[in-house]
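For reference, the structure discussed in these notes is given below.
FYI, it's all coordinate maths here, none of it is from the lab. Here the structure is a predicted model, which means the values were calculated and not measured.
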Amino acid sequence: MRTPAITLAVVIAATFAARPALAQTAEEKRAVSGAAAITEIDQQAPPKPPPPQPKPTIPRRNPGPGVGAYVLFDNEWMTAKDTFDAVFDKSTFSFPGIGGEAFNLFGGLFARVTYGKTTENGSRVAVVDGEALSLNIPLELKLSTTEVAAGWRVPFGQPRRTGVPAVLRAPRLHAYGGGGFLFVSYRESSSFAETGDDSRESFIGYTVFGGVDVTIWKLIYAGAEAQFRIVPDALGEGGASREFEETDLGGVVVRVLFGVRK
């Protein structure tokens with residue numbers, strides 16, 4: 001009779017001992033299932049986009065050296081106003097001409113050469129008590145100027161797109177200034193001149209200038225500038241200029257130009 005009782009007691013004890021283990025196993029199964037579900041959800045979720053990368057900075061290429069050619073129109077208000085008013089009835093002359101330049105030689109450095117010429121007709125005069133009296137002797141004046149100068153150009157705005165010729169990468173608007181030498185040819189002639197009345201001389205002067213230019217279309221540009229010219233001791237040795245005590249053949253110039261650059 002003891003054996004069945006002992007056997008029953010062992011079965012009951014084993015049952016109670018197995019219950020915590022079974023409960024622990026169920027909890028582990030639930031934990032594993034939850035982790036598997038989370039892992040599956042993570043795998044199904046779309047990947048996060050990478051953080052935005054800063055755009056690389058592409059350095060702009062500065063325009064390289066170039067050359068240009070242009071036509072110009074100068075209006076000059078002569079310093080020797082009284083002398084020219086007396087002989088030609090005006091003291092403002094127009095000088096059409098041409099010019100050439102090399103630019104961006106070193107940074108904004110440029111160099112240029114221009115040539116302008118005018119022909120005026122007047123009459124010889126005699127000055128009496130400060131008043132000019134016409135002698136009715138026709139007088140022709142041929143006046144030409146050759147300018148050799150250099151200066152500096154400053155762009156306004158940013159360089160334009162790359163992949164085009166250097167001159168087209170430059171900003172459209174520039175300001176510039178400079179100075180140089182002025183070589184003046186002065187020739188007076190008259191049909192009824194006496195010996196020594198006609199003259200043909202050359203003088204050296206100086207000029208300073210400043211202006212702006214703008215690209216109109218592709219290689220074509222236009223500009224405007226102001227100049228101040230000094231040609232000392234060119235007048236005053238005879239005629240009306242001596243009576244009026246005027247010696248400077250310079251003046252103030254306003255220039256308009258149109259050209260092409262390459």
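Provide, for region 66-261, the number of lysine pairs with alpha carbons under 24 Å apart, each pair being eight or more places apart or on different chains. Please report the intermediate quantities before stating the final value.
Working: 81/90; 81/117; 81/142; 90/117; 90/142; 117/142.
Within region 66-261, the lysine pair count is 6.
Per 0.36 nm of contour for each residue apart, how much would the distance between residue 75 and residue 228 grow if the chain were fully extended, relative to their Cα-Cα spacing? Let's see the in-between values first.
Values: separation 153, 0.36 × 153 = 55.08 nm, distance 1.17 nm.
In short, 53.9 nm is gained.
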